[in-house]
1. Express in nm, to one decimal, how much length is gained between residue 80 and residue 33 on full extension, taking 0.36 nm for each residue of separation and deducting their alpha carbon distance.
2. Could you list 56, 50 in order of exposure, starting from the residue whose Cβ has the fewest other Cβ atoms within 10 Å?
3. Taking neighbour Cβ counts within 10 Å as the exposure measure, how do 69, 46 sort from fewest upward?
4. Only counting other Cβ atoms within 10 Å, I'd like 65, 21 sorted with the fewest neighbours first.
C-alpha cells in the first residue's frame with residue numbers, strides 16, 4: 001500500500017534546515033514496489049515549490065521525486081481521485 005499525506009516536500013538529496021527539503025528537481029520515476037510512503041508538501045513560506053518525498057521500503061532511504069514528472073503527476077491525480085471516492089463512500093453519521 002502507498003500512503004498519501006498532504007504535507008510539503010522534496011528532491012534527490014534531502015536537507016532539513018528550514019528551507020526546501022530537496023536541493024534539486026529529484027528523480028522522475030521510482031518503482032512503485034519499492035515505495036513505502038509518499039509525502040507531498042505544498043509551497044509554503046519556507047519553501048516556494050512543491051516537493052514530493054518518497055520513503056523507500058528499506059526504511060533507510062528517502063528520495064525526492066520531481067513534481068513535474070509524469071509519474072508524480074499521475075500519482076497525485078490518482079491520490080486525489082481516491083480521496084474523493086473515500087469521501088463519497090464513507091458512511092454518514094446520524095446525530
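1. Separation in residues times 0.36 nm, less the Cα-Cα distance, equals 14.9 nm.
2. 56, 50
3. Final ranking by Cβ density, sparse to dense: 46, 69.
4. By the 10 Å Cβ count, ascending: 21, 65.
Every read-out reported here was derived from the displayed coordinates using simple, explicitly stated rules and does not represent laboratory data. Just so it is clear, the structure is predicted and the values come from calculations on it, not from any experiment. Cβ sites come from the backbone with ideal geometry, for glycine too, and all protein chains shown count toward neighbours.
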